[in-house]
Amino acid sequence: MLPENKKELVRYRLEMARERLHSSEVLLQNRSYKDSIGRSYYAMFCAVRALLAIDGQDFSKHAGVISYFQKEYIKTGKLDKRFSKYISQAFQIRNNTDYADFFLVSKQDAEEQYEKAREFLESVERYLQSEDARVSGKD
């Protein structure tokens with residue numbers, strides 16, 4: 001069973017992921033497509049950090065978090081490989097929306113990123129629930 005402080009950290013990071021996903025939806029509805037895309041990325045990022053909390057890991061750079069996720073959760077088959085592509089692409093798009101001059105995004109782009117983030121978060125939540133049940137002997 002996970003120590004209580006790790007469980008609390010996992011719960012906190014999942015709540016942050018849900019909050020960011022909700023913000024992405026609100027921004028999307030209000031036609032703030034670039035900001036919506038950024039929040040979609042951060043929903044995925046926070047979900048990954050919830051996974052890292054289980055392992056007692058964290059990194060100061062986004063690339064480190066993503067690399068660990070790919071090594072420990074994608075290559076091992078714990079999560080579907082499409083999620084590696086989702087977060088990698090979202091990271092790149094988010095960087096472009098934040099830092100590249102004249103980078104344009106459409107409503108369709110923002111909707112696509114929102115749906116991928118929603119699917120990503122749901123998958124991480126299912127994994128964490130099954131892992132908690134397995135560790136607790138409820139499986």
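Values as computed for the structure displayed
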read-out: Rounded percent of accessible protein surface that carbon and sulfur make up, region 3-123, 1.4 Å probe; value: 48 percent
read-out: S88-E4 FRET efficiency (beta carbon distance; Förster radius 35 Å; 0.05 resolution); value: 0.60
read-out: Burial ranking of peptide ranges 99-109, 81-91, 54-64, 36-46 (average Cβ count within 10 Å, highest at the top); value: 36-46, 81-91, 54-64, 99-109
read-out: Computed log₁₀ I(q)/I(0) - Debye formula, equal Cα scatterers, no solvent, region 18-95, q 0.21, 0.26 Å⁻¹; value: -0.92, -1.21
read-out: Taking the convex hull of Cα positions in the chain, its mean projected area over all directions (nm²); value: 8.2 nm²
read-out: Neighbourhood net charge (12 Å Cβ-Cβ; Lys/Arg +1, Asp/Glu -1) for Y42; value: +3
read-out: Helix axis angle, 33-55 relative to the chain longest principal axis, alpha carbon, degrees; value: 10 degrees
read-out: Percent of C-alpha pairs per 5 Å bin, region 59-133, short to long; value: 3, 14, 21, 23, 19, 11, 6, 2, 1, 0
read-out: Percentage relative contact order, region 22-93, counting C-alpha pairs under 8 Å, at least six apart; value: 26 percent
read-out: Rounded accessible area per residue of region 17-64, 1.4 Å, Å²; value: 47 Å²
read-out: Under Karplus coefficients 6.51, -1.76 and 1.60, residue-wise ³J(HN,Hα) of region 5-17 in Hz, glycine/proline x; value: 5, 5, 4, 5, 5, 4, 4, 4, 5, 5, 5, 5, 5
read-out: FRET efficiency estimate (nearest 0.05) - Cβ-Cβ, D98 to S60, R0 25 angstrom; value: 0.85
read-out: Sequence of T97, T76 from largest to smallest accessible area, 1.4 Å probe; value: T76, T97
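The values are calculated or read from the model by the stated rules, or taken from the named source; none is laboratory data. Because the structure is predicted, anything quoted here is derived from the model rather than measured. Using ideal geometry, Cβ is built from the backbone for each residue, glycine included, and neighbour counts are taken over all protein chains shown. Calculation scope for accessible area: heavy atoms of the full protein, side chains included, ligands and nucleic acids excluded. Shrake-Rupley method; radii C 1.70, N 1.55, O 1.52, S 1.80 Å.
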